[in-house]
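The values are calculated or read from the model by the stated rules, or taken from the named source; none is laboratory data. Predicted, not measured: the structure shown is a model, and the values here were computed from it. Heads up, the Cβs are rebuilt from the backbone with ideal geometry, glycines too, and the neighbour counts pull from every protein chain shown. The protein model used for the area step is the full one, side chains on, heavy atoms only, and it has no ligands, DNA or RNA in it. Shrake-Rupley method; radii C 1.70, N 1.55, O 1.52, S 1.80 Å.
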Amino acid sequence: MEIRDITPDDLDDVLDLRKRAFGPISAADAEWWRQAVTPVLGQRRYVGVFDGTRLVASARLRRFIQWWHGRPQPMSGIAGVAVSPEERGRGVGTLLMRAVVERARELGDAVSVLYPATTPIYRSVGYEHAGAKHTVTLPAEALRRIRPSGQVKLRRMGPGDAAEVVSVLHRAHAAARSSGPVSWDEDTWKLWLGREDDFLYLADDGYVVYRWKDANIEVDSLVAASAETAGALWSLVGTASSVARDVIAPVAPDDPVLWLLRHREKEQVTQVRWMFRVLDVAAAVERRGYPAPLTRDAVVTVDDPLTGGGTWRLEFGAGSAAATPVQEPGVTLSVNGFSALYAGIPTATLRMSGLMSGDDRYDEVLDTAFAAKPYMLEYF
(Lines give C-alpha, C1' and ligand atoms only; values in the text may rest on other atoms or scores of the structure.)
Protein backbone atom coordinates (compact mmCIF):
# COMPACT_ATOMS: atom_id res chain seq x y z
CA MET A 1 0.00 0.00 0.00
CA GLU A 2 1.23 3.47 -0.90
CA ILE A 3 0.13 6.97 0.19
CA ARG A 4 -0.21 9.42 -2.71
CA ASP A 5 -1.91 12.72 -3.41
CA ILE A 6 -5.21 12.58 -5.30
CA THR A 7 -4.96 14.08 -8.80
CA PRO A 8 -7.68 15.13 -11.27
CA ASP A 9 -7.27 11.74 -12.98
CA ASP A 10 -8.33 10.02 -9.72
CA LEU A 11 -11.63 11.85 -9.19
CA ASP A 12 -13.83 9.23 -10.87
CA ASP A 13 -12.32 6.59 -8.57
CA VAL A 14 -12.84 8.85 -5.53
CA LEU A 15 -16.50 9.31 -6.50
CA ASP A 16 -16.88 5.55 -6.77
CA LEU A 17 -15.39 5.15 -3.27
CA ARG A 18 -17.75 7.80 -1.90
CA LYS A 19 -20.80 6.07 -3.40
CA ARG A 20 -19.76 2.75 -1.86
CA ALA A 21 -19.12 4.41 1.52
CA PHE A 22 -21.97 6.94 1.79
CA GLY A 23 -24.59 5.94 -0.78
CA PRO A 24 -25.74 7.29 -4.16
CA ILE A 25 -24.71 10.78 -5.25
CA SER A 26 -26.88 12.78 -7.63
CA ALA A 27 -25.34 14.08 -10.83
CA ALA A 28 -25.80 17.66 -9.60
CA ASP A 29 -24.09 16.95 -6.27
CA ALA A 30 -21.25 15.11 -8.02
CA GLU A 31 -20.66 18.07 -10.31
CA TRP A 32 -20.74 20.53 -7.39
CA TRP A 33 -18.24 18.32 -5.55
CA ARG A 34 -15.91 18.36 -8.57
CA GLN A 35 -16.08 22.16 -8.71
CA ALA A 36 -15.18 22.39 -5.02
CA VAL A 37 -12.39 19.80 -5.10
CA THR A 38 -10.56 20.40 -8.38
CA PRO A 39 -9.07 23.85 -7.55
CA VAL A 40 -7.49 22.59 -4.29
CA LEU A 41 -5.91 19.35 -5.50
CA GLY A 42 -2.58 21.12 -5.90
CA GLN A 43 -2.65 22.10 -2.22
CA ARG A 44 -1.92 18.52 -1.06
CA ARG A 45 -5.24 18.39 0.80
CA TYR A 46 -6.59 15.18 -0.73
CA VAL A 47 -4.82 11.97 0.28
CA GLY A 48 -5.28 8.48 -1.18
CA VAL A 49 -4.14 4.97 -0.34
CA PHE A 50 -3.23 3.03 -3.49
CA ASP A 51 -2.65 -0.67 -4.04
CA GLY A 52 -0.58 -0.37 -7.19
CA THR A 53 -2.74 1.77 -9.48
CA ARG A 54 -5.99 0.98 -7.62
CA LEU A 55 -7.39 3.57 -5.21
CA VAL A 56 -8.56 1.80 -2.03
CA ALA A 57 -9.09 4.70 0.40
CA SER A 58 -9.17 8.49 0.42
CA ALA A 59 -9.69 11.49 2.72
CA ARG A 60 -9.86 15.24 2.25
CA LEU A 61 -8.27 17.81 4.54
CA ARG A 62 -10.60 20.78 4.25
CA ARG A 63 -9.13 24.20 4.90
CA PHE A 64 -11.00 26.03 7.66
CA ILE A 65 -10.59 28.83 10.15
CA GLN A 66 -11.77 27.78 13.61
CA TRP A 67 -12.34 30.01 16.64
CA TRP A 68 -11.30 29.11 20.18
CA HIS A 69 -12.30 31.62 22.85
CA GLY A 70 -12.74 34.19 20.10
CA ARG A 71 -9.34 33.71 18.48
CA PRO A 72 -9.13 32.29 14.94
CA GLN A 73 -6.61 29.73 13.76
CA PRO A 74 -6.19 27.46 10.71
CA MET A 75 -7.76 24.02 11.09
CA SER A 76 -7.84 20.82 9.02
CA GLY A 77 -11.40 19.54 8.72
CA ILE A 78 -11.20 15.87 7.76
CA ALA A 79 -13.99 14.84 5.40
CA GLY A 80 -14.91 12.16 2.91
CA VAL A 81 -12.98 9.40 4.70
CA ALA A 82 -13.77 6.34 2.59
CA VAL A 83 -12.33 2.83 2.39
CA SER A 84 -13.22 0.36 -0.35
CA PRO A 85 -15.59 -2.30 1.11
CA GLU A 86 -13.32 -5.20 0.17
CA GLU A 87 -10.40 -3.58 2.05
CA ARG A 88 -12.19 -2.87 5.33
CA GLY A 89 -10.89 -4.54 8.45
CA ARG A 90 -7.34 -4.81 7.09
CA GLY A 91 -5.86 -1.66 8.65
CA VAL A 92 -6.25 0.54 5.56
CA GLY A 93 -8.33 3.12 7.43
CA THR A 94 -5.71 3.45 10.17
CA LEU A 95 -2.95 3.76 7.56
CA LEU A 96 -4.96 6.52 5.86
CA MET A 97 -5.65 8.45 9.08
CA ARG A 98 -2.02 8.31 10.19
CA ALA A 99 -1.13 9.85 6.83
CA VAL A 100 -3.84 12.49 7.29
CA VAL A 101 -2.45 13.53 10.70
CA GLU A 102 1.06 13.75 9.28
CA ARG A 103 -0.12 15.76 6.27
CA ALA A 104 -2.13 18.20 8.41
CA ARG A 105 0.97 18.90 10.49
CA GLU A 106 3.05 19.37 7.33
CA LEU A 107 0.50 21.94 6.13
CA GLY A 108 0.98 23.93 9.34
CA ASP A 109 -2.34 23.22 11.04
CA ALA A 110 -2.14 22.75 14.81
CA VAL A 111 -5.69 21.41 15.28
CA SER A 112 -8.09 19.18 13.38
CA VAL A 113 -11.79 18.24 13.49
CA LEU A 114 -13.91 15.48 11.98
CA TYR A 115 -17.47 14.17 12.18
CA PRO A 116 -17.09 10.44 12.93
CA ALA A 117 -19.11 7.63 11.39
CA THR A 118 -17.42 5.42 13.98
CA THR A 119 -15.29 6.25 17.03
CA PRO A 120 -12.57 3.60 17.56
CA ILE A 121 -10.47 4.25 14.44
CA TYR A 122 -10.30 8.00 15.11
CA ARG A 123 -9.56 7.56 18.80
CA SER A 124 -6.69 5.26 17.85
CA VAL A 125 -4.97 8.17 16.05
CA GLY A 126 -5.62 10.78 18.76
CA TYR A 127 -9.05 12.30 18.06
CA GLU A 128 -11.48 12.64 20.96
CA HIS A 129 -15.13 13.68 21.35
CA ALA A 130 -15.31 17.41 21.99
CA GLY A 131 -18.34 19.33 20.69
CA ALA A 132 -21.48 19.04 18.62
CA LYS A 133 -23.59 20.60 15.94
CA HIS A 134 -26.78 21.47 17.84
CA THR A 135 -29.93 21.66 15.70
CA VAL A 136 -33.14 23.00 17.21
CA THR A 137 -36.69 22.98 15.87
CA LEU A 138 -38.55 26.22 16.61
CA PRO A 139 -42.07 27.39 15.71
CA ALA A 140 -41.87 29.78 12.76
CA GLU A 141 -44.57 31.95 14.32
CA ALA A 142 -42.47 32.39 17.48
CA LEU A 143 -39.58 33.70 15.37
CA ARG A 144 -41.86 36.04 13.42
CA ARG A 145 -42.83 37.73 16.68
CA ILE A 146 -39.21 38.63 17.50
CA ARG A 147 -38.73 42.34 16.95
CA PRO A 148 -35.29 43.96 16.56
CA SER A 149 -34.68 46.90 18.88
CA GLY A 150 -33.40 49.14 16.09
CA GLN A 151 -33.31 49.65 12.34
CA VAL A 152 -31.24 46.99 10.57
CA LYS A 153 -30.57 47.22 6.86
CA LEU A 154 -30.67 43.80 5.17
CA ARG A 155 -29.82 43.07 1.55
CA ARG A 156 -29.69 40.00 -0.60
CA MET A 157 -26.22 38.55 -1.12
CA GLY A 158 -24.43 36.29 -3.57
CA PRO A 159 -20.99 34.93 -4.53
CA GLY A 160 -19.51 38.43 -4.69
CA ASP A 161 -20.10 38.83 -0.95
CA ALA A 162 -17.86 35.93 0.11
CA ALA A 163 -15.14 38.17 1.54
CA GLU A 164 -17.69 40.21 3.49
CA VAL A 165 -19.21 37.06 5.00
CA VAL A 166 -15.77 35.93 6.18
CA SER A 167 -15.20 39.40 7.69
CA VAL A 168 -18.55 39.24 9.49
CA LEU A 169 -17.67 35.84 10.93
CA HIS A 170 -14.33 37.08 12.24
CA ARG A 171 -15.95 40.05 13.97
CA ALA A 172 -18.93 38.12 15.37
CA HIS A 173 -17.00 35.15 16.76
CA ALA A 174 -14.30 37.37 18.23
CA ALA A 175 -16.89 39.53 20.00
CA ALA A 176 -18.73 36.46 21.36
CA ARG A 177 -15.49 34.68 22.38
CA SER A 178 -16.83 31.68 20.47
CA SER A 179 -15.26 28.22 20.68
CA GLY A 180 -15.62 25.71 17.87
CA PRO A 181 -17.37 27.42 14.95
CA VAL A 182 -15.60 27.52 11.62
CA SER A 183 -15.50 29.46 8.37
CA TRP A 184 -14.94 28.08 4.90
CA ASP A 185 -12.32 29.80 2.75
CA GLU A 186 -13.54 32.50 0.34
CA ASP A 187 -13.52 30.22 -2.72
CA THR A 188 -15.81 27.72 -0.98
CA TRP A 189 -18.08 30.53 0.23
CA LYS A 190 -18.44 31.67 -3.37
CA LEU A 191 -19.75 28.21 -4.27
CA TRP A 192 -22.14 28.09 -1.30
CA LEU A 193 -23.46 31.59 -1.99
CA GLY A 194 -24.23 30.61 -5.58
CA ARG A 195 -26.76 27.90 -4.80
CA GLU A 196 -30.01 28.73 -6.59
CA ASP A 197 -32.49 27.38 -4.03
CA ASP A 198 -31.01 29.20 -1.02
CA PHE A 199 -32.16 32.57 0.35
CA LEU A 200 -29.26 34.73 1.48
CA TYR A 201 -29.35 38.03 3.38
CA LEU A 202 -26.50 40.16 4.67
CA ALA A 203 -26.35 42.92 7.28
CA ASP A 204 -23.40 45.02 8.41
CA ASP A 205 -22.68 42.58 11.23
CA GLY A 206 -24.54 39.39 10.39
CA TYR A 207 -25.98 37.13 7.72
CA VAL A 208 -28.39 34.24 7.21
CA VAL A 209 -28.60 31.41 4.69
CA TYR A 210 -31.85 29.41 4.62
CA ARG A 211 -34.08 27.36 2.32
CA TRP A 212 -37.36 25.51 2.11
CA LYS A 213 -37.22 21.87 3.17
CA ASP A 214 -40.50 20.06 2.57
CA ALA A 215 -43.05 22.25 4.38
CA ASN A 216 -40.55 23.77 6.82
CA ILE A 217 -37.68 26.26 6.73
CA GLU A 218 -34.13 24.97 7.13
CA VAL A 219 -31.51 27.47 8.25
CA ASP A 220 -28.03 26.66 6.99
CA SER A 221 -26.37 29.22 9.27
CA LEU A 222 -27.25 32.48 11.00
CA VAL A 223 -24.58 34.62 12.65
CA ALA A 224 -25.01 38.06 14.18
CA ALA A 225 -22.74 40.30 16.25
CA SER A 226 -25.48 42.53 17.72
CA ALA A 227 -28.88 42.09 19.32
CA GLU A 228 -30.48 44.27 16.64
CA THR A 229 -29.16 42.17 13.78
CA ALA A 230 -29.95 38.87 15.52
CA GLY A 231 -33.54 40.00 15.99
CA ALA A 232 -33.85 41.20 12.41
CA LEU A 233 -32.47 38.00 10.88
CA TRP A 234 -34.51 35.59 13.01
CA SER A 235 -37.64 37.65 12.43
CA LEU A 236 -36.94 37.55 8.69
CA VAL A 237 -36.77 33.76 8.77
CA GLY A 238 -40.02 33.71 10.74
CA THR A 239 -41.92 35.62 8.06
CA ALA A 240 -42.49 32.24 6.36
CA SER A 241 -44.85 31.33 9.24
CA SER A 242 -47.96 31.75 7.07
CA VAL A 243 -46.87 28.59 5.22
CA ALA A 244 -44.09 26.95 7.26
CA ARG A 245 -44.87 25.55 10.68
CA ASP A 246 -41.31 25.02 11.93
CA VAL A 247 -37.81 26.39 11.45
CA ILE A 248 -34.96 23.91 11.80
CA ALA A 249 -31.69 25.67 12.61
CA PRO A 250 -28.18 25.02 13.93
CA VAL A 251 -27.49 27.09 17.04
CA ALA A 252 -24.93 27.57 19.77
CA PRO A 253 -25.74 25.78 23.07
CA ASP A 254 -26.61 29.18 24.58
CA ASP A 255 -27.68 30.92 21.37
CA PRO A 256 -29.39 34.30 21.97
CA VAL A 257 -32.40 33.23 19.88
CA LEU A 258 -33.42 30.90 22.71
CA TRP A 259 -33.76 33.96 24.97
CA LEU A 260 -35.43 36.11 22.33
CA LEU A 261 -38.44 33.80 22.16
CA ARG A 262 -41.52 35.03 24.01
CA HIS A 263 -42.38 31.54 25.25
CA ARG A 264 -39.98 28.67 25.84
CA GLU A 265 -41.09 25.37 27.33
CA LYS A 266 -40.06 22.26 25.40
CA GLU A 267 -37.40 22.22 22.70
CA GLN A 268 -36.52 19.53 20.21
CA VAL A 269 -32.72 19.52 19.91
CA THR A 270 -30.57 17.02 18.05
CA GLN A 271 -26.80 16.73 18.30
CA VAL A 272 -24.29 15.50 15.76
CA ARG A 273 -21.05 14.96 17.65
CA TRP A 274 -17.63 15.94 16.32
CA MET A 275 -14.15 14.86 17.37
CA PHE A 276 -11.12 17.08 17.84
CA ARG A 277 -7.36 16.56 17.77
CA VAL A 278 -4.42 18.74 18.74
CA LEU A 279 -1.71 18.16 16.15
CA ASP A 280 0.99 20.44 17.61
CA VAL A 281 0.71 21.15 21.33
CA ALA A 282 2.83 24.32 21.49
CA ALA A 283 1.35 25.92 18.37
CA ALA A 284 -2.23 25.03 19.35
CA VAL A 285 -1.78 26.50 22.84
CA GLU A 286 -0.26 29.70 21.50
CA ARG A 287 -2.94 30.18 18.82
CA ARG A 288 -5.90 29.82 21.21
CA GLY A 289 -7.64 32.55 23.17
CA TYR A 290 -8.10 32.44 26.98
CA PRO A 291 -9.87 34.40 29.74
CA ALA A 292 -7.98 37.68 30.01
CA PRO A 293 -7.85 37.84 33.85
CA LEU A 294 -6.05 34.48 34.14
CA THR A 295 -2.35 34.85 35.05
CA ARG A 296 -1.21 31.40 36.12
CA ASP A 297 0.82 28.51 34.76
CA ALA A 298 0.61 24.72 34.60
CA VAL A 299 2.88 21.85 33.59
CA VAL A 300 1.45 19.22 31.27
CA THR A 301 2.91 16.08 29.73
CA VAL A 302 1.18 14.93 26.55
CA ASP A 303 1.71 11.40 25.26
CA ASP A 304 1.25 11.36 21.47
CA PRO A 305 2.42 8.14 19.76
CA LEU A 306 2.22 9.76 16.31
CA THR A 307 4.16 12.96 17.03
CA GLY A 308 6.23 12.06 20.08
CA GLY A 309 4.54 14.31 22.61
CA GLY A 310 6.51 16.04 25.37
CA THR A 311 6.25 18.15 28.52
CA TRP A 312 5.45 21.87 28.47
CA ARG A 313 4.97 24.69 30.95
CA LEU A 314 1.85 26.60 29.88
CA GLU A 315 1.96 30.25 30.97
CA PHE A 316 -1.36 32.11 30.76
CA GLY A 317 -1.76 35.88 30.79
CA ALA A 318 -3.57 38.76 29.07
CA GLY A 319 -5.79 36.37 27.11
CA SER A 320 -2.87 34.47 25.57
CA ALA A 321 -0.56 31.59 26.45
CA ALA A 322 2.97 30.38 25.76
CA ALA A 323 4.18 26.77 25.81
CA THR A 324 7.80 26.15 26.85
CA PRO A 325 9.38 22.67 26.85
CA VAL A 326 10.46 21.62 30.37
CA GLN A 327 11.55 18.53 32.27
CA GLU A 328 9.51 18.44 35.46
CA PRO A 329 6.47 16.55 36.77
CA GLY A 330 2.94 17.79 36.26
CA VAL A 331 -0.31 16.62 34.74
CA THR A 332 -0.10 13.68 32.33
CA LEU A 333 -2.56 13.30 29.44
CA SER A 334 -2.86 11.17 26.35
CA VAL A 335 -3.15 13.26 23.19
CA ASN A 336 -6.85 12.32 23.25
CA GLY A 337 -7.10 13.73 26.76
CA PHE A 338 -5.27 16.94 25.93
CA SER A 339 -7.44 17.43 22.84
CA ALA A 340 -10.56 17.06 24.99
CA LEU A 341 -9.13 19.44 27.62
CA TYR A 342 -8.36 22.03 24.93
CA ALA A 343 -12.01 21.82 23.88
CA GLY A 344 -13.30 22.49 27.39
CA ILE A 345 -13.88 19.01 28.83
CA PRO A 346 -13.34 19.35 32.63
CA THR A 347 -10.31 17.79 34.29
CA ALA A 348 -12.57 15.80 36.62
CA THR A 349 -14.19 14.13 33.61
CA LEU A 350 -10.81 13.41 32.06
CA ARG A 351 -9.48 11.84 35.25
CA MET A 352 -12.60 9.70 35.71
CA SER A 353 -12.37 8.47 32.11
CA GLY A 354 -8.67 7.60 32.31
CA LEU A 355 -7.49 10.31 29.93
CA MET A 356 -5.61 12.29 32.59
CA SER A 357 -3.47 11.43 35.60
CA GLY A 358 -0.70 12.84 37.79
CA ASP A 359 -0.48 15.89 40.02
CA ASP A 360 -3.89 17.56 40.51
CA ARG A 361 -2.58 20.95 41.68
CA TYR A 362 -3.02 22.38 38.17
CA ASP A 363 -6.56 21.14 37.60
CA GLU A 364 -8.33 24.36 38.52
CA VAL A 365 -5.97 26.44 36.39
CA LEU A 366 -6.51 24.16 33.40
CA ASP A 367 -10.29 24.16 33.85
CA THR A 368 -10.32 27.96 33.94
CA ALA A 369 -7.97 28.38 30.98
CA PHE A 370 -9.68 25.93 28.63
CA ALA A 371 -13.32 26.43 29.70
CA ALA A 372 -15.54 26.28 26.60
CA LYS A 373 -18.90 25.18 25.22
CA PRO A 374 -17.69 24.12 21.77
CA TYR A 375 -20.15 23.97 18.90
CA MET A 376 -20.37 24.20 15.13
CA LEU A 377 -23.02 25.52 12.79
CA GLU A 378 -21.70 23.57 9.79
CA TYR A 379 -21.50 19.92 8.90
CA PHE A 380 -18.75 18.76 6.54
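Structure values in brief
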| quantity | calculated |
| --- | --- |
| Estimated [θ] at 222 nm from DSSP helical runs (n ≥ 4, -39500 (n - 2.57)) normalised by residues in the chain, nearest 500 | -8500 deg cm²/dmol |
| TRP259-ARG211 FRET efficiency (beta carbon distance; Förster radius 35 Å; 0.05 resolution) | 0.85 |
| Convex hull volume per residue for segment 287-375, taking Cα atoms only, in Å³ | 100 |
| Between segment 291-348 and segment 89-137, the Cα center-to-center distance that results, in Å | 20 |
| Exposed GluC sites (Glu not before Pro) absent - longest run of the chain, DSSP non-H/G/I/E/B, at most 13 other C-beta within 10 Å | 1-195 |
| Evaluated at q = 0.15, 0.25, 0.31 Å⁻¹: base-10 log I(q)/I(0), Debye formula over Cα of segment 39-88 | -0.53, -0.94, -1.12 |
| Kirkwood estimate for the chain, i.e. one over the average of 1/r between Cα atoms, Å | 22.1 |
| Debye intensity ratio I(q)/I(0), log10, segment 224-380, q values 0.10, 0.11, 0.15 Å⁻¹ (C-alpha model) | -0.50, -0.58, -0.86 |
| Percent of alpha-carbon pairs separated by more than 14 Å within segment 74-151 | 72 |
| Ranked packing of 350-356, 235-241, most packed first, by mean Cβ within 10 Å | 235-241, 350-356 |
| Close Lys-Lys pairs in the chain, where close means Cα under 24 Å and separation is 8 or more or interchain | 9 |
| Nitroxide proxy distance, nm - points 7 Å out along Cα→Cβ at GLU106 and SER357 | 3.5 |
| Euclidean distance between Cα centres, segment 208-264 to segment 19-79, Å | 30 |
| Loop-located trypsin sites (Lys or Arg not before Pro) in segment 171-228, at most 15 other Cβ atoms within 10 Å (DSSP) | ARG195 |
| Fraction of accessible area attributable to carbon and sulfur, the chain (%, probe 1.4 Å) | 49 |
| The chain, accessible area per residue, ligands and nucleic acids excluded (1.4 Å, Å²) | 45 |
